[in-house]
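Comments concern the structure below.
The values are calculated or read from the model by the stated rules, or taken from the named source; none is laboratory data. As the structure is a computational prediction, the values presented were derived from the model and not from experiment. Using ideal geometry, Cβ is built from the backbone for each residue, glycine included, and neighbour counts are taken over all protein chains shown.
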């Protein structure tokens with residue numbers, strides 16, 4: 001028999017069902033992401049509230065409940081290991097989901113940005129942009145066929161997103177930009193193939209531009225996403241560089257340069273610079289010697305395999321031939337290794353590609 005105390009501790013449905021919408025909205029905003037996603041399927045009221053304009057406007061900026069580093073590999077076959085950077089634990093993301101086409105296991109992951117991921121569809125001139133959390137997707141048809149693209153970057157925009165890509169067409173090179181607002185592609189000419197140093201490296205988004213590093217003699221070129229113009233950044237590069245990669249902090253409006261220092265193509269150290277006032281590169285960090293030795297041995301001095309990206313206050317430095325991630329935590333000026341995922345077979349030796357993945361329920365495809 002229930003006591004009077006246990007009865008009083010129970011939630012009275014007559015009270016909870018009559019909560020003011022603004023109070024219920026405030027309570028829901030404190031729920032963990034997993035619980036929130038479960039609740040939206042329990043009743044129409046919760047679902048309409050979670051996707052209502054007031055709830056979205058108040059809580060979409062804080063909708064990154066956790067953040068992950070996502071690993072893609074040609075032999076994953078629809079399974080993507082995730083490293084939870086907040087809890088320091090490994091998880092697994094399995095495809096295909098019911099909302100994706102049947103050939104999802106054959107997708108090639110190309111880019112990610114603000115809760116969205118972009119895949120290339122096999123044997124087609126299409127891309128697939130997905131919000132895996134909201135279970136929404138959009139197939140984007142490229143206007144020319146056949147086509148071959150050397151570089152693709154998914155870029156966040158004020159009212160959606162852009163897809164930037166370099167494409168070889170009719171023995172010429174062009175830049176193409178997709179705008180999600182009107183679902184259209186725009187072609188821009190004037191791209192010189194010698195400008196880009198590494199076709200695996202995505203563009204660094206910086207003040208409305210995408211920035212890229214050129215081969216030796218090293219320089220930085222930028223592409224205006226609105227006007228479609230290429231420009232060379234007027235800045236003096238650090239000396240004795242053996243390789244250069246660019247990384248941007250999209251929220252802080254900062255541009256960073258990761259580079260090796262050495263001679264004859266051999267890196268003896270690796271450093272991090274920030275673009276300061278007047279276009280000067282200001283050194284902010286150096287990789288400790290022992291960690292630098294390991295990274296150089298991993299690359300075998302083949303720096304074309306090196307790529308970098310920004311993730312929640314850290315700069316990740318990766319290599320296509322190595323399953324670990326080297327990163328610099330900028331707030332503490334410290335360097336760390338994220339070890340190999342324990343579920344990866346030892347025989348996988350090449351093709352590792354890491355991405356920043358910030359789940360966002362309200363990122364529109």
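Key figures for this structure:
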| item | result |
| --- | --- |
| Residues of the range 138-155 classified as at pLDDT below 90 and in contact with a strand residue (DSSP E or B) (Cβ under 8 Å, 6 or more places away or on another chain), total | 8 |
| Number of positions in the range 106-138 that are buried (at least 21 other Cβ atoms within 10 Å of the Cβ) and over 18 Å from the mean Cα position of the chain (by Cα) | 0 |
| Selected residue (criterion: modelled with the lowest pLDDT) from residues of the range 302-312 that are more than 13 Å from the chain's Cα centre (by Cα) and farther than 16 Å from residue 271 by Cα | 302 |
| Filter result for residue 285 (farther than 23 Å from residue 342 by Cβ and not in a helix (DSSP H, G or I)) | yes |
| Some residue of the range 332-353 being over 19 Å from the mean Cα position of the chain (by Cα), under 22 Å from residue 242 (Cβ atoms) and assigned to a loop (DSSP other than H, G, I, E, B) | yes |
| Residue in the range 186-196 that is within 17 Å of residue 120 (Cβ to Cβ) and either touching a strand residue (DSSP E or B) at 6+ places or on another chain (Cβ under 9 Å) or modelled with pLDDT of 95 or more (or both) present | no |
| Subset of the range 219-247 (residues that are assigned to a loop (DSSP other than H, G, I, E, B) and either surrounded by 14 or more Cβ atoms within 10 Å (Cβ to Cβ) or outside the structural domain of residue 281 (by TED's automatic domain parsing) (or both)) | 219, 225, 228, 233, 235, 237, 238 |
| Subset tally (residues that are surrounded by fewer than 17 Cβ atoms within 10 Å (Cβ to Cβ) and either in contact (Cβ under 8 Å) with a residue 24 or more places away in the chain or more than 25 Å from the chain's Cα centre (by Cα) (or both)) for the range 285-297 | 7 |
| Residue check for residue 250: touching a residue at least 60 places away in the same chain (Cβ under 8 Å) and either in the same structural domain as residue 306 (by TED's automatic domain parsing) or touching a helix residue (DSSP H, G or I) at 6+ places or on another chain (Cβ under 7 Å) (or both) | yes |
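The rows are residues; the columns are (1) touching a strand residue (DSSP E or B) at 6+ places or on another chain (Cβ under 9 Å); (2) within 23 Å of residue 155 (Cα to Cα).
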site: 303; (1), (2): yes, no
site: 309; (1), (2): yes, yes
site: 316; (1), (2): yes, yes
site: 327; (1), (2): yes, yes
site: 333; (1), (2): yes, no
site: 340; (1), (2): no, no
site: 355; (1), (2): yes, yes
